[in-house]
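The values are calculated or read from the model by the stated rules, or taken from the named source; none is laboratory data. Source: prediction; values computed, not measured. Reconstructed Cβ throughout: ideal geometry from the backbone, glycine too, with neighbour counts over all protein chains shown.
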Amino acid sequence: MDVKKLKAEIIQYATEIGVQKIGFTTADPFLFLKERLEVAEKEGVLTGFEHPVLDERVYPDLIFEEPKSIIAIALAYPSKLKESPTSKRESRRGVFARASWGIDYHTILREKLALIEAFILERVKDAKMKSMVDTGELSDVAVAERAGIGARGKNTLLITKEFGSWVYLGEMLTNIAFPPDTPETDLCGDCNKCVEACPTNSLLGEGAMNPKICLSYLTQTKGFLEEEYREVLHNRLYGCDTCQVVCPYNRGRDFHLHKEMEQDGNLVRPELKPLLHISNREFKEKFGSMAGSWRGKKPIQRNAIIILARYKDKTAIPDLIGCLNHDTRPVIRGTAAWALAKIGGKDAEVAILNAWEKEKDEEVKIEIERAKKIIGVG
């Protein structure tokens with residue numbers, strides 16, 4: 001088998017099916033990553049969203065029999081909506097991060113990887129492959145970096161020269177020994193814009209971070225959001241793009257290369273008040289195809305309540321009182337109490353005091369107590 005020729009054919013085919021970047025690397029262990037993961041595990045800053053077995057993230061031969069190479073791919077995604085609805089005084093809107101625009105990127109990348117797998121099998125009948133996207137064992141960024149697609153930035157994301165960090169990543173283990181590509185060198189240099197702009201100071205510099213206080217992670221949690229992070233949530237319903245928006249490599253970069261990634265602005269910038277009443281079925285029908293729906297409606301609704309409080313949207317007071325009095329979920333009731341106090345007004349105050357008298361859940365009572373102090377009756 002002429003692996004150099006096969007590699008060239010795969011690269012050409014990848015271009016034909018709409019893959020923006022493709023790179024090849026060895027299946028050697030990611031030893032540098034092991035040290036980083038061990039430190040994160042020791043310091044207790046792993047989020048729980050990662051693959052749980054540390055060694056399987058480092059040693060490809062633990063998850064694939066006799067791996068010889070890894071093929072990495074990158075797809076560029078849009079950074080601007082073609083039509084963006086505006087947030088108005090009585091119909092305030094939140095926003096989903098760009099990585100949730102269009103059809104769930106996991107689906108799009110898996111389809112591309114499946115096509116490449118089939119292409120290889122047509123030429124190498126005994127080829128073995130294992131593809132993964134985001135939730136697989138390997139680190140997408142570590143693989144793509146070593147495969148020469150880009151370099152890990154100080155925001156911990158992969159930065160490419162052509163597309164900035166507006167790229168989705170996926171990879172494929174194989175038993176074919178392809179010639180490896182040359183890893184990209186550092187692209188950040190002395191630039192520190194992302195670290196300085198991070199709303200929660202989760203970026204620590206030199207590609208290190210505390211992911212547990214990153215707003216991208218916090219917007220996906222299901223419990224009560226700590227008050228210090230409510231204050232900086234701004235209008236984020238899901239995810240955070242700040243460290244990407246300020247990156248010089250992303251300036252002026254906006255790619256509309258995949259129709260599956262195009263999104264209705266009303267879905268990624270939805271009105272907040274209707275979200276408070278949406279049923280599970282309606283949520284799934286409306287948002288189910290988006291990556292930002294994977295945790296269900298509860299985190300989105302909690303975040304919507306916090307955003308309404310930031311806007312001090314008095315038109316939302318009846319909706320929030322409804323959440324406080326009737327929602328079965330403590331997180332929603334408690335967050336609604338806090339939001340009502342932040343917005344203020346007689347109706348909000350009465351609702352908070354009434355809720356205090358009948359609430360049984362201890363966590364919710366803590367939130368109501370906080371709300372009482374805000375309105376000056378604690």
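Look through Ile71, Ile10 and report the one residue that is part of a strand (DSSP E or B) and either under 28 Å from Pro179 (Cα atoms) or β-branched (Val, Ile, Thr) (or both).
On the way: Ile10 fails: part of a strand (DSSP E or B).
None of the others qualify; the one that does is Ile71.
Does Ile159 count as among the β-branched types (Val, Ile, Thr), within 15 Å of Asn250 (Cα to Cα) and at pLDDT 95 or above? Give the steps one after another, and end with the answer.
On the way: among the β-branched types (Val, Ile, Thr): yes; within 15 Å of Asn250 (Cα to Cα): yes; at pLDDT 95 or above: yes.
Yes; evaluated as a whole, the condition is true for this residue.
So which of Leu31, Leu6, Leu37 ends up being aliphatic (A, V, I, L, M), out of contact with any strand residue (DSSP E or B) (no Cβ under 6 Å at 6 or more places or on another chain) and in contact (Cβ under 8 Å) with a residue 60 or more places away in the chain? Spell out the reasoning first.
Values: Leu31 fails: in contact (Cβ under 8 Å) with a residue 60 or more places away in the chain; Leu37 fails: in contact (Cβ under 8 Å) with a residue 60 or more places away in the chain.
Matching residue, one of Leu31, Leu6, Leu37: Leu6.
Which number in (1) surrounded by fewer than 14 Cβ atoms within 10 Å (Cβ to Cβ); (2) assigned by TED's automatic domain parsing to the domain that holds His106 marks the one condition that Thr242 misses?
Result: Thr242 fails condition (1) only.
Restricting to the stretch 99-151, name every residue that is within 20 Å of the chain's Cα centre (by Cα) and aromatic (Phe, Trp, Tyr).
Trp101, Tyr105
When you scan the stretch 309-316, do you find a residue that is in the same structural domain as His277 (by TED's automatic domain parsing), under 28 Å from the mean Cα position of the chain (by Cα) and under 16 Å from Ile375 (Cβ atoms), even just one?
Filtering the stretch 309-316 for residues in the same structural domain as His277 (by TED's automatic domain parsing) gives 309-316.
Adding the requirement that they be under 28 Å from the mean Cα position of the chain (by Cα) leaves 309-313, 316.
Remaining after also requiring under 16 Å from Ile375 (Cβ atoms): 309, 312.
Yes, the stretch 309-316 contains at least one residue that is in the same structural domain as His277 (by TED's automatic domain parsing), under 28 Å from the mean Cα position of the chain (by Cα) and under 16 Å from Ile375 (Cβ atoms).
Of the residues that make up the stretch 27-35, is at least one part of a helix (DSSP H, G or I) and within 27 Å of Glu162 (Cβ to Cβ)?
Looking for residues that are part of a helix (DSSP H, G or I) and within 27 Å of Glu162 (Cβ to Cβ), one finds at least one in the stretch 27-35, hence yes.
Return the pairs, sorted by first residue and then second, in which the second residue is surrounded by fewer than 12 Cβ atoms within 10 Å (Cβ to Cβ), the first residue lies in the stretch 43-67 and is within 10 Å of Leu138 (Cβ to Cβ), the beta carbons are less than 8 Å apart, and the residues are 6+ apart or on different chains.
Note: pairs meeting the criteria are His51/Thr135; Val58/Leu31.
Listed here are the residues, each with its yes/no results for (1) touching a residue at least 12 places away in the same chain (Cβ under 8 Å); (2) more than 17 Å from the chain's Cα centre (by Cα); (3) over 29 Å from Asp104 (Cα atoms).
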| residue | (1), (2), (3) |
| --- | --- |
| Arg281 | no, yes, no |
| Lys284 | no, yes, no |
| Met290 | yes, no, no |
| Arg295 | yes, no, no |
| Pro299 | yes, no, no |
| Ile321 | yes, yes, yes |
| Leu324 | yes, yes, yes |
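Residues of the stretch 88-142 being within 30 Å of Arg36 (Cβ to Cβ), at pLDDT 95 or above and surrounded by fewer than 15 Cβ atoms within 10 Å (Cβ to Cβ), which ones?
Thr107
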